[in-house]
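Quick notes on the structure that follows.
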Amino acid sequence: MGQSAEFGKFLKAMRARMSPEDAGLPDGSGARRVPGLRREEIARLADVSTDYYTRLEQGRHIHPSRAVLESVSRALRLDSSEHTHMMDLLGHCASSAKAPTPTPRVRPAMRQLLDAVGDVPALLLGRRSDVLGANRMAVLLFADFPSMPPAERNLTRWLILDPQARELFRDWKTVAAEAAGSLRADTGRHPDDPQANQLVGELAVNSEHFRQWWAGHRVAARSAGTVRLHHPAVGDVELNFENLALPEDPDQVLRVYSAKAGSPSDDALKLLGSFGAGTAFGAGTATTSPELSERHAMGES
């Protein structure tokens, strides 16, 4: 069954989160034995037969038309990220081939760019939110990713498992849940990635929060937003972030954090930068994007 089973599980999870009120249906049927809408209710909303929808949810029909998928998506009230994830899952239903995971390669120009935006925190993220590069400000604000063992240089892993991340993010639960949702979307695009499966397993073993988020099949794919931090050295900081897609490197994203000019958060960033201004950054100390990038380019894992 493979990915077709994941497709069915996703539909079931999306159905379970809906109430009759959400769908505009009268709730005159008394107590429900299972959460959410019944299959026949979603089928009626999607204008397909109950048997047809049941086969979709059970992974027994993996070639629905685009019109049917659009109708099911509307019935389940999927947002754009969830709709994309559904299509990713369906696209991999027919294949169970184990494609090798490519070794990430960071171009020298990207290393230069990370250094060039040295006044604000910047991270270069790959598949699974692996940290492929981090400038000095990112290390001062978040964590010393370059000094971590290669298998631990992952933003989602750090967010969910590191107690310091829980103290740093004032809205930790929201941020961590979104990170788990982003990982869910990544596994939909790359279902046979053994490193992703290993990461999911580690998080599930060590975090009850993650187990709940993962069981809910939540999907998140924000390209911009705001984070609120409480840094032990400079206090409260509110930053905007932008994920910049890299056409030459489709599996990589440059995430840049910034504060409004002249704001207290801007002053806090400048103060934080001054703390590390005299630090010599090299292997095993704080950050040097070439050092981190070259480790990944050499295929360390």
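The values are calculated or read from the model by the stated rules, or taken from the named source; none is laboratory data. Everything quoted here is computed from the prediction, not taken from an experiment. For neighbour counting, all protein chains shown are included, and Cβ atoms are generated from backbone atoms with ideal geometry for every residue, glycine included.
Restricted to segment 1-101, the set of helices (runs of 4 or more DSSP H) holding at least 2 residues that are farther than 22 Å from Trp214 by Cβ and modelled with pLDDT of 85 or more comprises 39-46, 50-57, 66-75. One residue stands out in segment 203-233 among those that are in contact with a Leu (Cβ under 7 Å, 6 or more places away or on another chain), surrounded by 17 or more Cβ atoms within 10 Å (Cβ to Cβ) and of a type outside the set (A, V, I, L, M, F, W, C): the one that is farthest from Pro163 (Cα to Cα), namely His231. Of all residues in segment 266-276, none are surrounded by 12 or more Cβ atoms within 10 Å (Cβ to Cβ), in the same structural domain as Gly133 (by TED's automatic domain parsing), within 20 Å of Ala177 (Cα to Cα) and modelled with pLDDT of 95 or more.
The residue that is farthest from Pro150 (Cα to Cα), among those in segment 197-225 that are assigned to a loop (DSSP other than H, G, I, E, B) and touching a helix residue (DSSP H, G or I) at 6+ places or on another chain (Cβ under 7 Å), is Gly216.
The residues in segment 75-90 that are farther than 17 Å from Leu183 by Cβ and among the hydroxyl-bearing types (Ser, Thr, Tyr) can be counted, and the count is 1. Restricted to segment 234-265, and to residues that are of a type in the set (Gly, Ala, Ser) and surrounded by fewer than 17 Cβ atoms within 10 Å (Cβ to Cβ), which residue is farthest from the chain's Cα centre (by Cα)? Ranking the qualifying residues of segment 234-265, first place goes to Gly262. Looking at segment 181-196, is at least one residue surrounded by fewer than 19 Cβ atoms within 10 Å (Cβ to Cβ), out of contact with any helix residue (DSSP H, G or I) (no Cβ under 8 Å at 6 or more places or on another chain), part of a helix (DSSP H, G or I) and among the polar types (S, T, N, Q)? No.
Can you confirm whether segment 168-176 contains a residue that is at pLDDT 95 or above, assigned to a loop (DSSP other than H, G, I, E, B) and farther than 18 Å from Thr84 by Cβ? Outline the logic, then answer.
Residues of segment 168-176 that are at pLDDT 95 or above, as a first pass: 168-176.
So of that shortlist, the ones also assigned to a loop (DSSP other than H, G, I, E, B) come out as 170-171.
Still in the list and also farther than 18 Å from Thr84 by Cβ: 170-171.
Yes, segment 168-176 contains a residue that is at pLDDT 95 or above, assigned to a loop (DSSP other than H, G, I, E, B) and farther than 18 Å from Thr84 by Cβ.
Candidates in segment 138-180 are the residues that are under 22 Å from Gly201 (Cβ atoms), of a type in the set (D, E, K, R) and without any contact (Cβ under 8 Å) to a residue 60 or more places away in the chain; of these, the one that is surrounded by the fewest Cβ atoms within 10 Å (Cβ to Cβ) is Lys173.
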